[in-house]
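Here's the structure, in structure tokens; my notes come after.
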Amino acid sequence: MRSETAQILVKCLPHHAGLELPSYSSEGAAGMDLPAAVQQDVVLRRGERALIPTGISIGLPSGYEAQIRPRSGLALKHGIGLLNAPGTIDSDYRGEIQIILINLGQESFVVKRGLRIAQMVIAEHVTASFKVVNELDVTLRNDGGFGHTGI
């Protein structure tokens with residue numbers, strides 16, 4: 001059972017006709033599946049990328065973002081990922097959601113109309129400001145970086 005629901009306004013563009021709105025595929029899912037709103041099949045050969053339309057625009061409330069993430073099944077089975085994952089849709093963006101798919105697999109992959117190509121997670125965020133200081137507080141990790149734990 002979801003503890004909180006945010007109402008997201010959605011505008012369906014003409015090339016979205018006949019497709020489903022983004023939806024959760026299970027009760028506990030954090031991400032909603034986004035379908036491809038392509039008019040004809042798009043073939044992604046090995047190493048190629050393409051901008052795939054979803055046919056929707058959204059209106060997020062202030063203080064929210066939509067994160068666009070890869071689908072694990074497409075990644076594992078076909079090597080299909082998103083180039084800018086996670087992508088961020090800001091609350092003031094009103095253009096079409098489009099997905100930059102890349103084929104990192106060994107075989108060509110066909111994007112068909114309605115194929116669930118990515119997932120969208122709606123998340124709250126805070127606005128940050130910076131304050132310049134001469135020193136930062138000391139932590140156990142402090143400035144230990146890449147691989148500093150030896151694992």
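Computed from the coordinates by the stated procedures, all read-outs in this text should not be read as laboratory data. Model, not experiment: these values are computed from the prediction. FYI the Cβ positions are ideal-geometry reconstructions off the backbone, even for glycines, and counts take in every protein chain you see.
Observations on the model:
- Tensor-based shape of the chain (alpha-carbon gyration tensor, a/c under 1.5 rounded, otherwise prolate or oblate): oblate
- Inter-probe distance in nm under a simple model that places probes 7 Å from Cα toward Cβ, at ASP137 and ARG45: 5.6 nm
- The modelled label-to-label distance for the pair THR127/THR5, using points 7 Å beyond Cα in the direction of Cβ, is 2.9 nm.
- Positive dipole terminus of the chain, leading residue within THR127, ALA50, SER72 (C-beta point charges): ALA50
- Separation between Cα centres of region 96-149 and region 46-75, rounded to whole Å: 13 Å
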